[in-house]
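The values are calculated or read from the model by the stated rules, or taken from the named source; none is laboratory data. Small disclaimer: the values here were computed from a predicted structure and weren't measured. Reconstructed Cβ throughout: ideal geometry from the backbone, glycine too, with neighbour counts over all protein chains shown.
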Amino acid sequence: MGLPFARAAFFGVFPLVLSLSGGTYTDSKECAACHSAIYKKYQRTGMARSFSRPSPENMVENFRAGNLYYHEASDTWYEMTERDGKYFQRRFQKGPFGDERNVDIKSIDYVMGSGNHARTYLHRTPEGTLSELPLSWYAEKGGSLAMSPGYDNPRHPGSRRPIGYDCMFCHNQYPKVTPVEDRFGDPPVFAGELPEGIDCQRCHGPGGEHVASGGAAAKIVNPARLTADRQMEVCLQCHLEPDSFRPTLNFKRYERGSFSYTPGEPLAAFMSLFDTPQPAGGDRFQIAGAAWELRGSACFLKSQGALGCTTCHDPHEERHASESAEMYNDVCQSCHARTNRVAGHPSNAGDCIGCHMQKRRTQDVVHVAMTDHRIRRQPLPGDLLAAFAEIGSLAPPPGAAYPYYPATTGNLEGAVAQVRAGANPGLTVPALEKALAAAPARRPEPWFELAEAERSAKKLTAAAQSYRSALQRDPNYFPALLGLSTLLEDEGRDAESVPYLQRASKAAPADARPWAVLGKAHEALGRKAEAKTDFTKAAQLDPDNPDGQNGLGILLAEEQDIPDAEACFREAVRIQPNHAGSHANLARILAAKQDLPGALTEYSLATHLAPEDAGIRFDYGSLLNAARRFVEATVQLEAAVSANPGHAEAHALLGNLREREGRTEDALAEYRAAVRLRPEALRAQLDLGAVLLKQGDRAGAISHLKLAAADPALRPLALRLLSAAAAAR
C-alpha cells in the first residue's frame, strides 16, 4: 500500500510553483526530441488518438464485411465503403420492389474518437464546415455499427449536424480560427489543415517558447507544480460536463476565444459551468461526466483536494482496468485498509472498483459503457449494462440552473444560464432584461441571447429591439442579423428583412441560411426571379440542406412548371429523406399529376415525420376525402384540428365528414368553429346554414346563407336554400 492518495508518476511531488508558458503553439512532434519515452507512450493513449484522418493504419472498422446497417426508425440503410484508399458512408432507402432510393454518399474526412469506446465520422465541406455522419462505430460487442448519438429517431438531422468549436475543443488540439468567426452563435468554420489528436500542449500549454529557449522550464506549464485546483482543471477543461443534454450550460465567457484556455490559468477565467437539479430518484450518468461524478463522491469531498484525476490516471500512459486493478486497489486501500474490519465486508476484497465504481451504460451515448466515477458506498442494483433505447430527441425538460463551477457567478451570467436552461420564461426573461439594463454589455452576444429568449416568450417587439441592440455593438454580428431578419419575415415584414439578410450573407459568405430566407422574402414580395437566384445560391452553398431545392420547387410549381418542380422536391427528399415539408410538396405535385397512389404515399411519410403539422394533415385528409376514403380522411382531419384548433378549413371539412356520418350536432360544432375562425369562409357558412335549416332553425340558417350568397360560385345553391327557408314560414 502507498501513501494516502499517492499520485500517478506524472505528477509526483513538486513545489507548488505556477509556471505559465508563452503563447506560441508548435508542432508537438518537437517534444519527442527531449521527451522521447513519454512521447512514444502518449501516442498510444486515447487522447492522442482522439482525432485523425482516416487511413489503413488507424481504421479499425471492417469496410467489406458487416459494413451494412439498417435503421428501422427512419427506414434507412447505411453502408461503410472504401474506394481507392478513401472512405465513405453511403445512405439509401429501398422502394417497394427493393430498388435503392434517396442515395447519398459522403466522404469520411475525419474520425473523431479513439475507438476505446466509440468512433464517429466527420464530413468536411468545401467551405470548411464539419458535419457528423449518422452512423458510428462502437467498441462493445467486439466492434459494431449503430446510429450516432441523437440520430436514433425518424426525424434525425440527416448528415447535417454541425461540429461546433465546443466539440473540437475537447476532441483535438486547437485548430486555427479567426476571432471574427469565434463568437457565440457564429457558424463554425475550420480553415486550413486540422491537427490530429490531443497533443502535449493541451496539458502543458503552448510550447513554442519552450522549444525556442532550448527547454527552459519557465517557458512551459508543468501541471505537477500547479496548485491542486489548477492541476485538476487541466483535466476538468474537458472531463467536467454536468449534463450533456444541456451543453449550453457550459458557459464560455463571451470575450474568450473558443481555443484560448491555457493550462495553469483558472478555468473560471475561461468558462463557468451551470447545472440543474436531478429529477427525484434520478441518477445521471453521461459520457463526459467523469469529473462531475467524482466531485460528488464522499471520497473526493473529504480528501480536501488530495484526491484528483491523476491519483489513478497517468495521462502519459493508457492502462486499462484489467492492467491496473492492483494499482487502483492500492490507492483505495491507502485510506480504506480498515474497511476489512467492517461487518459484512469481504475480508480480502480484491476488486474495489468493481463494487464501488461499477461499469454502466451511459444515458446520452447508449452504445457505450464506462466506469462510474461516483465512488459509492453500496453497489447499484440491477443490470447496469443492459441495453436501452435512446431518450427521444435527447432534449431534457426545462428546469432552473444553478452555478456549479465556480459555485458563484455574476448576475448577467446567471440570468443567461437560467434562460438557456429553459426555466420559467415569465421569470427568467425579465431577470435577464433587468441584468442587462443594470449593466449594459458592450459585446453583442448577451443582447442576442436576450433577443432569442424574448422571441421564445412571444415578446416580439422587445426581441426586435434586442437584436438591434446587438447590432449596435457589432453591425456584422451574423446571429443577430439572421435572427432579426427571420423575426421580421415571420411578422410579414419581408421588405424590412431584406437588407438584414443581405448583410448576413456578406457577414457569413459560406452560410446558406441567409440565402434560403432571402428567397422566401423575395417570393413574398413578388420578386420571383430574385427568389430563384437566392434559392439556387442556398442549394449551391449547402448541397446537404433541402431548403434551397424545396424553395425553388415551390416557385416552379407556382409557375406550373410541374416537371422541374417535381425534380426539385425529389432532390430535396434525396438530400434529407426525413424532411416532411419536401415530402408534402412532392405529394401536392403528384396529386396535380393525378398520381393518387404516389401522392398518398408521400403524404403518409410526411405525417409520420411531422405528426404535429396541421397543414400537412389537412392536405392529406383533403386528398383522402376526394378519393372517397372517408374514414382515413376523418383521422387526418381530427389530427389537424387537434394540432391546430385555429385551422378553419380543417374544421369545415371535418364538419362535412361528420355530417356524412349522420353526426349532425358534431358537424354543427365543426362548422361553427370554422366560421368563427374565418367568417369569410363562405363555403362553411353555406354548410352551416344548410344544417341549421334542416334542424328547423330558419332564422339562424338565413343569416349564414345570406353571407354565402356573396360568393358567385355558391350563390345559386344559397339562393335556393334561402327560398326554401322563406317558404317554411
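A few remarks follow.
- Flag for Pro509 being surrounded by fewer than 19 Cβ atoms within 10 Å (Cβ to Cβ) and outside any helix (DSSP H, G or I): yes
- Considering residues of the stretch 408-436 that are modelled with pLDDT of 90 or more and polar (S, T, N, Q) only, the residue farthest from Thr248 (Cα to Cα): Thr428
- Number of positions in the stretch 492-515 that are in contact with an Asp or Glu (Cβ under 9 Å, 6 or more places away or on another chain), under 14 Å from Glu530 (Cβ atoms) and among the small types (Gly, Ala, Ser): 2
- Output for the stretch 449-464, where each listed residue is of a type in the set (S, T, N, Q) and out of contact with any helix residue (DSSP H, G or I) (no Cβ under 8 Å at 6 or more places or on another chain): Thr461
- Per this entry, Ser485 is not counted among residues that are farther than 30 Å from Leu427 by Cβ, hydroxyl-bearing (Ser, Thr, Tyr) and buried (at least 18 other Cβ atoms within 10 Å of the Cβ).
- Qualifying residue in the stretch 541-563 (condition: closer than 23 Å to Arg493 by Cα, in contact with a Gly (Cβ under 7 Å, 6 or more places away or on another chain) and in a helix (DSSP H, G or I)): yes
- Residue check for Leu307: out of contact with any strand residue (DSSP E or B) (no Cβ under 7 Å at 6 or more places or on another chain), assigned to a helix (DSSP H, G or I), surrounded by 20 or more Cβ atoms within 10 Å (Cβ to Cβ) and in contact (Cβ under 8 Å) with a residue 40 or more places away in the chain: no
- Residues (among the charged types (D, E, K, R), within 17 Å of Pro162 (Cβ to Cβ) and in a strand (DSSP E or B)) located in the stretch 117-128: Arg124
- Residue in the stretch 31-53 that is outside any strand (DSSP E or B) and touching a Lys or Arg at 6+ places or on another chain (Cβ under 6 Å) present: no
- Unique match (being within 26 Å of Thr248 (Cα to Cα), among the small types (Gly, Ala, Ser) and outside any loop (DSSP other than H, G, I, E, B)) among Ser114, Ser159, Ser131: Ser131
- Among the residues making up the stretch 212-252, those that are part of a loop (DSSP other than H, G, I, E, B) and within 21 Å of the chain's Cα centre (by Cα) are Leu240, Glu241, Pro242, Asp243, Ser244, Phe245, Arg246.
- Considering residues of the stretch 86-113 that are among the small types (Gly, Ala, Ser) and in contact with a strand residue (DSSP E or B) (Cβ under 9 Å, 6 or more places away or on another chain) only, the residue nearest to Arg570 (Cα to Cα): Gly95
- Test for Arg202: is it in a helix (DSSP H, G or I), crowded, with 20+ Cβ neighbours inside 10 Å and outside the structural domain of Thr262 (by TED's automatic domain parsing): yes
- Residue satisfying condition, being among the hydrophobic types (A, V, I, L, M, F, W, C) and not assigned by TED's automatic domain parsing to the domain that holds Trp292, within set Leu236, Leu249, Leu145: Leu145
- Residue check for Ala652: touching a Ser or Thr at 6+ places or on another chain (Cβ under 9 Å) and either closer than 21 Å to Ala580 by Cα or assigned to a helix (DSSP H, G or I) (or both): no
- Here Leu412 meets the list (1) hydrophobic (A, V, I, L, M, F, W, C); (2) more than 23 Å from Leu267 (Cα to Cα); (3) surrounded by 17 or more Cβ atoms within 10 Å (Cβ to Cβ) almost entirely, failing just condition (2).
- A search for C-beta distances below 8 Å between a residue of the stretch 146-164 that is within 18 Å of His117 (Cα to Cα) and any residue that is among the acidic types (Asp, Glu) and not in a loop (DSSP other than H, G, I, E, B), counting only pairs 6+ apart in sequence or on different chains, returns Ser148/Glu132.
- The stretch 665-696, residues that are loosely packed, with under 15 Cβ neighbours inside 10 Å and more than 47 Å from the chain's Cα centre (by Cα): Lys694, Gln695, Gly696
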